[in-house]
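Colleague: What follows is a structure written as structure tokens; I'll ask about it next.
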Amino acid sequence: MKPQSTKPNGRIGIDLGGTKIEGVVLGPDNKPVFRQRIATESAAGYEHIVERIALLFERLRRAAPECDAVGIGTPGAISSRDGTMKNSNTACLNGRPLHADLSLRLGVPVRLENDANCFALAEALAGAGQGGALVFGVILGTGVGGGIVHHGEVLRGPQHLAGEWGHHCIDPSGPPCYCGQRGCVESFIAGPAVEAQYRARTGEAVRMPEIVARCRAGDGVATEVLRGFIERFGRALANVIDIIDPDVVVLGGGLSNIDELYTLGCDAVARYVFNDELRTPIRHNQLGDSAGVIGAALLV
Ligand SMILES: [Zn+2]
């Protein structure tokens with residue numbers, strides 16, 4: 001495990017989102033001692049977002065004057081080739097050298113990491129994955145992502161691809177995905193994908209919590225759709241477990257609140273994993289919405 005911070009009050013993390021930027025100062029036990037949140041105002045453009053981050057950083061720094069580095073979590077991917085942003089839903093970030101610009105503007109070393117990796121790091125060091133040497137953090141919500149943490153460090157890989165299980169194919173005849181492939185995990189088990197499956201069967205546009213509620217109430221179509229969701233979750237996660245054999249899997253994102261993932265979902269993983277038993281614990285996250293910003297702080 002990574003040694004705990006020796007700084008009395010020194011870790012600053014910032015989580016950049018499309019509508020808000022959240023900042024935190026962690027105490028020596030990795031618990032937040034100061035928090036602040038401001039609007040991203042992303043409509044005002046890229047340079048404005050950099051200024052908003054700088055404003056928040058100055059406020060956080062007043063609570064941690066000895067801080068000499070900052071970790072920042074961001075949606076989207078950071079190109080391993082030139083450090084520019086891509087696939088961010090805050091579109092004005094894409095193609096821009098956010099890491100270089102923030103390092104210059106903030107005047108301290110910046111560690112930038114995508115939000116799934118921040119989630120995995122937070123849960124590994126301060127949440128449900130504590131004690132595990134190899135932790136796979138899963139984001140299951142409007143998209144499907146993930147991050148791998150090994151002995152307290154984010155495993156990025158030379159192409160910054162490590163943990164991106166959402167775009168491996170589980171059925172080449174499956175639905176098309178925005179990434180250009182067909183039958184990606186995300187195109188089957190992300191919330192909007194499951195909602196589309198239900199809509200295709202019933203003509204009804206219903207959100208995921210309602211589909212789950214209808215399944216529990218005995219609705220036939222909802223039950224079939226949920227069964228397919230669980231089955232594909234099991235197949236996809238078993239593939240990951242076969243390859244990296246993590247000590248623990250932690251689920252995050254909106255769909256991680258579906259209780260059936262921890263019962264029927266575990267059974268489905270066990271059916272597909274290359275072993276006669278499944279010993280890998282599959283746990284609900286402990287840090288909830290705070291995982292991103294805590295993970296950002298733990299980057300430094
Ligand atoms: Zn895809």
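The values are calculated or read from the model by the stated rules, or taken from the named source; none is laboratory data. A quick note: this is a predicted structure, and the numbers were derived from the prediction, not measured. Cβ atoms come from the backbone with ideal geometry, glycine included; neighbour counts cover every protein chain shown. Ligands, DNA and RNA are excluded from the accessible area calculation, which covers all protein heavy atoms including side chains. Shrake-Rupley method; radii C 1.70, N 1.55, O 1.52, S 1.80 Å.
Colleague: Identify all residues within the stretch 213-236 that are small (Gly, Ala, Ser), part of a helix (DSSP H, G or I) and farther than 30 Å from Asn275 by Cα; write none if there are none.
Modeller: Hits for the stretch 213-236 are Ala213, Gly220, Ala222.
Colleague: Here's another thing I want to ask about it. Going through the stretch 136-162 one residue at a time, which ones are touching a residue at least 12 places away in the same chain (Cβ under 8 Å), more than 16 Å from the ligand (Cβ to nearest atom) and open to solvent by 60 Å² or more (accessible area, probe 1.4 Å)?
Modeller: His150, His151, Glu153, Arg156, Pro158
Colleague: Related question: Mind listing whichever residues of the stretch 70-82 are open to solvent by less than 20 Å² (accessible area, probe 1.4 Å) and over 16 Å from the mean Cα position of the chain (by Cα)?
Modeller: Residues satisfying the conditions are Val70, Ser79.
Colleague: Let me ask you something else. Is it the case that some residue within the stretch 288-296 is within 20 Å of the chain's Cα centre (by Cα), surrounded by fewer than 18 Cβ atoms within 10 Å (Cβ to Cβ) and not in a loop (DSSP other than H, G, I, E, B)?
Modeller: Yes, there is a match, as at least one residue in the stretch 288-296 is within 20 Å of the chain's Cα centre (by Cα), surrounded by fewer than 18 Cβ atoms within 10 Å (Cβ to Cβ) and not in a loop (DSSP other than H, G, I, E, B).
Colleague: Output the number of residues of the stretch 163-212 satisfying the condition of being assigned to a helix (DSSP H, G or I), open to solvent by less than 50 Å² (accessible area, probe 1.4 Å) and either within 16 Å of the ligand (Cβ to nearest atom) or of a type outside the set (S, T, N, Q) (or both).
Modeller: Residues in the stretch 163-212 being assigned to a helix (DSSP H, G or I), open to solvent by less than 50 Å² (accessible area, probe 1.4 Å) and either within 16 Å of the ligand (Cβ to nearest atom) or of a type outside the set (S, T, N, Q) (or both): 16 in total.
Colleague: Among the numbered criteria (1) among the polar types (S, T, N, Q); (2) modelled with pLDDT under 95; (3) assigned to a strand (DSSP E or B), which one does Gln36 miss?
Modeller: In the conditions (1) among the polar types (S, T, N, Q); (2) modelled with pLDDT under 95; (3) assigned to a strand (DSSP E or B), Gln36 misses (2) alone.
Colleague: Kindly indicate the residue of the stretch 216-261 that is under 21 Å from Glu164 (Cα atoms) and in contact with a Lys or Arg (Cβ under 8 Å, 6 or more places away or on another chain) and also surrounded by the most Cβ atoms within 10 Å (Cβ to Cβ) among those meeting that condition.
Modeller: This residue is Val250.
Colleague: Does Ala133 meet the test of being of a type outside the set (Lys, Arg), in contact with a His (Cβ under 7 Å, 6 or more places away or on another chain), more than 11 Å from the ligand (Cβ to nearest atom) and open to solvent by 20 Å² or more (accessible area, probe 1.4 Å)?
Modeller: yes
Colleague: Looking for whichever is in contact with an Asp or Glu (Cβ under 7 Å, 6 or more places away or on another chain) and farther than 21 Å from Asp289 by Cβ here; the options are Val154, Val108. Which one fits?
Modeller: Criteria check complete, one pass: Val108.
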